[in-house]
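Below: the structure, in structure tokens.
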């Protein structure tokens, strides 16, 4: 059976140009729609294999049309044509169900090949659009902590209490608690131990060696809750040695 392609573009000359390019391919049937409403109706009636969809139409955004078509015809491979390469635009189209995101002004644009790949189940994204996605994803993985917040976390990793951290950095206990709370929020951690683990995993803080004169049982590999009388708040918890990758509750060392 021939491959049915629906071209959705508000500008007649552009639409006819796309149709002409695709009609040169054997085994292809091309139909057209000039608006979002017409495209949704045509997709429901014709059930095309592929929809080449412009991002901007006269009556509604291309992302809305994309989502509407996918809702009624999930098997359609939608090729989204857009002049925008920013992360938000690319993400909106992909979230709406587009299988390909292409920039018409790209020198490497090969629409027939992109359609072929999309029909094979591939996701096809212009290199500039892909770079925007990767850049935003990388930034999301690296929370921005201030130098003071990092200093406090390093001392938390060493097992110091808030008063001890305050004495070391010449800060009040209240200020230390604020820095710990801010770091926990930025790292999306529920307690100070998780904050240290996440910061270490992200490379924001390095392993902390033992202070001068301390035994070779380094504090840098250790973290645990100390049991105390009454519930402790996240920002007040004291941490003392235990393997960081095997975080478990430990009895009070003073009871030994």
Seminar exercise, completed: Restricted to segment 89-104 and to residues being over 15 Å from residue 56 (Cα atoms) and free of Cβ contacts under 8 Å to residues at least 40 places away in the same chain, the residue surrounded by the fewest Cβ atoms within 10 Å (Cβ to Cβ) is 95
For this session: Tell me, please, whether a residue that is exposed (fewer than 13 other Cβ atoms within 10 Å of the Cβ), at pLDDT 50 or above, outside the structural domain of residue 90 (by TED's automatic domain parsing) and in a loop (DSSP other than H, G, I, E, B) can be found in segment 231-243.
Result: no
Exercise. Applying the selection to segment 98-119, what residues are at pLDDT 90 or above and out of contact with any strand residue (DSSP E or B) (no Cβ under 6 Å at 6 or more places or on another chain)?
Worked result: 103, 110, 111, 112, 113, 116
Problem set entry | Any chance residue 23 is assigned by TED's automatic domain parsing to the domain that holds residue 127 and either in contact with a strand residue (DSSP E or B) (Cβ under 6 Å, 6 or more places away or on another chain) or over 23 Å from residue 113 (Cα atoms) (or both) | yes
Seminar exercise, completed: Per the list (1) surrounded by fewer than 13 Cβ atoms within 10 Å (Cβ to Cβ); (2) without any contact (Cβ under 8 Å) to a residue 24 or more places away in the chain; (3) under 23 Å from the mean Cα position of the chain (by Cα), residue check on residue 122 breaks on (1)
Seminar exercise, completed: Residue set 134, 155; condition over 22 Å from residue 15 (Cβ atoms) and not assigned by TED's automatic domain parsing to the domain that holds residue 31; output residue 155
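The values are calculated or read from the model by the stated rules, or taken from the named source; none is laboratory data. Please read all numbers here as calculations on a predicted model, not as lab measurements. With ideal geometry, Cβ positions are generated from the backbone for all residues, glycine too; neighbour counts draw on all protein chains shown.
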